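The values are calculated or read from the model by the stated rules, or taken from the named source; none is laboratory data. Please read all numbers here as calculations on a predicted model, not as lab measurements. All Cβ positions, even for glycine, are placed from backbone atoms using ideal geometry, and neighbour counts span all protein chains on display.
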Amino acid sequence: MPGKQLVAALALFSALSRATELPVYRLTLQDHLFFPSQLLVPAGVKFKLLIANKDRSSEEFDSFDLNREKVIFAGSEAVIYVGPLREGSYEFFGEYHPATARGVLKAMNELPVQTGPHDHGPEQPNAD
């Protein structure tokens, strides 16, 4: 019967890991600009920030407010874990192009309802 216990333990672990998946918010870096330049995120919730660099050069995501920095190579994506944040604004910029690559995360206790395809709200976890 140890095989059945192992299967049950693996099933439980898989269910628990899916239940604790973090919401994902996306930023895109293109032409040395962040899109969207203002990203609304929930206050009090830890989340993953997925940044896609569509430029042909590397950029360093930098935020003194968030105490985060990460080099994102050309044509690649990076994940930065953020939060939980207090309600407020958190500026970020691209260290290699600080005049243009700028933006702000706005942590809000109540997020507005998002309905359009360009809202950049949280992704839904895969139902694998």
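Just the residues that are at pLDDT below 95 and among the acidic types (Asp, Glu), please, taken from the range 69-128. Listed by number, the residues that qualify are Glu110, Asp119, Glu123, Asp128.
For the range 71-99, filtering for residues that are loosely packed, with under 15 Cβ neighbours inside 10 Å and not charged (D, E, K, R) leaves 13. For the range 22-39, the candidate set comprises residues that are in a strand (DSSP E or B) and in contact with a Pro (Cβ under 7 Å, 6 or more places away or on another chain); within that set, the residue that is surrounded by the most Cβ atoms within 10 Å (Cβ to Cβ) is Tyr25.
Apart from one condition, Asp62 fits all of (1) surrounded by 14 or more Cβ atoms within 10 Å (Cβ to Cβ); (2) out of contact with any Leu (no Cβ under 7 Å at 6 or more places or on another chain); (3) within 27 Å of Pro112 (Cβ to Cβ); the exception is (3). Here the condition is being among the hydrophobic types (A, V, I, L, M, F, W, C), assigned to a loop (DSSP other than H, G, I, E, B) and touching a Leu at 6+ places or on another chain (Cβ under 7 Å); of Leu105, Leu111, it holds for Leu111 alone.
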